[in-house]
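Following: one structure in structure tokens, then a few remarks.
The values are calculated or read from the model by the stated rules, or taken from the named source; none is laboratory data. Model, not experiment: these values are computed from the prediction. Only protein heavy atoms, including side chains, enter the accessible area calculation; ligands, DNA and RNA are left aside. Shrake-Rupley method; radii C 1.70, N 1.55, O 1.52, S 1.80 Å.
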Amino acid sequence: MSAKEDAKGRRPGKGKAKSIRILLGVGYWVQGFRCFPWMAVNFFLKDSVKVDSSTLQILQNSVNLPMVGKPIYGVVSDAVYISGQHRVPYIAIGAFLQAMSWLTIVILSQSNISIVTLSLYLLLSNLGASVAEVANDAIVAEMGKSENSQSASSGELQSFVWMASSVGGVLGNLLGGAAIDRFSPQSMFIFFGLLLVLQFLITISVPERSLNLPKSPSNVGIRKQLSELSAALQKPEIAYSIAWFAASYAIIPALTGTMFFYQTQYLKIDAAVLGISKVFGQVVTLLWGIIYNRSLKSVQPRKLIETIQATMAVFMISDVLFVKGIYRQMGVPDSIYIVVFSGVLEVLFFFKILPFSILIAQLCPRGCEGSLMAFVMSAVALAFIVSGYLGVALASYLGVTGNDFSGLPLSLLIQAVCTFLPLFSSSWIPDQKSKTRTE
């Protein structure tokens with residue numbers, strides 16, 4: 001019997017690949033499409049719940065707290081099996097929690113819904129999204145280590161799910177921008193809730209055994225799983241890689257809020273232009289996944305990540321020229337710059353995740369893929385929070401406010417310098433995938 005055949009003499013490739021692509025394609029597409037209802041949330045809070053801007057910002061950040069708990073969900077997914085399965089059931093649970101949350105918000109919003117009640121259901125929705133994302137990421141990581149899956153090992157599966165998420169993001173932004181003027185927020189919530197119901201039904205129809213995931217010890221217990229995660233994090237190549245990756249985000253003072261005020265209040269840019277900018281960014285993200293899959297899979301992750309980091313810094317320097325009016329003097333309209341350059345810079349922050357996730361999949365010991373990948377994403381989430389606080393502190397120190405942008409060019413220059421700094425310690429990232437596979 002061929003080495004490529006299973007114990008029953010069947011070649012597992014096509015059936016397994018189809019099941020995996022259906023499950024992950026739908027999962028990551030819905031994950032990207034989440035921008036659709038969240039676009040309506042802001043209008044609902046402003047127009048229906050009547051919150052002020054500070055309350056809106058506090059709520060937007062607070063409801064993302066479940067994202068920080070991803071390592072916990074990863075440990076549970078790795079250690080606790082449900083009916084002999086430990087990935088698919090968690091995707092189904094995540095879809096169910098999200099669907100229940102959005103549809104319940106629709107029902108409650110027919111009468112007066114309090115800000116506290118709405119926040120709780122949005123928290124529950126993000127909890128469901130986090131659980132589903134952890135399980136999806138764990139499957140991708142497991143397949144990336146599978147000796148029987150050549151395409152997954154080469155990064156094809158990672159780029160496939162990246163593109164699925166990007167397509168969802170493009171459609172979510174396009175449809176959201178068109179629907180917000182034609183339908184009520186409740187109608188948009190219903191539409192997304194029904195999509196989640198469809199995802200739930202598709203997920204429960206895919207038995208985990210059909211995915212032929214790499215074997216891992218079952219029901220090892222949460223304590224043992226935590227011990228294995230701790231052991232994985234003590235490996236220098238893993239610890240240093242994650243530390244560098246998180247620091248490469250945290251060290252950059254985020255000025256997104258300041259730039260938003262500069263574009264809308266000072267330049268008087270229409271909101272539709274900002275929406276188009278986001279769509280353009282999503283399209284670029286989709287193209288990045290395609291280009292990576294076709295041309296960049298053989299490039300060492302470290303070199304690719306370094307290049308992306310340097311490109312981010314160059315775009316930030318370009319923002320300095322934009323704020324100083326250099327491009328305007330060259331005849332480039334502000335709206336064109338915002339759509340193209342600002343749209344690309346916004347998504348460049350996430351380009352590093354694709355090659356880094358492939359590297360971590362290679363480094364990760366078998367049995368703790370879910371918890372380790374979740375730990376990485378949690379570290380990134382915390383890094384973005386730190387980055388945001390640094391941005392607020394920098395803008396405050398240089399006197400940049402909603403009415404005074406005289407210190408903005410210097411702020412952007414400091415931001416660019418901070419983006420360059422991680423390049424001096426990029427040796428923390430292993431540069432040869434062939435030496436990073438961990439059994």
Heavy atoms of residue 83 accessible to a 1.4 Å probe, total area in Å² rounded to 10: 110
If you take all C-alpha pairs in the stretch 14-212, what percent of them are over 22 Å apart? 49
Going through 70/352; 303/352; 324/352; 297/352; 70/224; 278/303 one by one, the pairs whose alpha carbons sit over 21 Å apart turn out to be 324/352; 278/303
Per residue of the chain, what 222 nm ellipticity follows from adding -39500 (n - 2.57) for every DSSP H run with n ≥ 4, rounded to the nearest 500? -22000 deg cm²/dmol
Computed on Cα atoms, Rg of the chain relative to 2.2 N^0.38 Å comes out at 1.00
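Would you work out the relative contact order for the chain, in percent, from Cα pairs under 8 angstrom that are 6 or more residues apart?
Rounded, it is 26 percent for the chain.
Carbon-plus-sulfur fraction of the accessible area of the chain, 1.4 Å probe, in percent?
64
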Length-normalised contact order of the stretch 221-430 in % [C-alpha pairs under 8 Å, at least 6 apart]: 46
Between 0 and 90 degrees, rounded to the nearest ten: what's the tilt of helix 115-145 against the longest Cα principal axis of the chain? 50
Over the Cα atoms of the stretch 221-430, compute the convex hull volume and normalise it per residue, giving Å³. 136
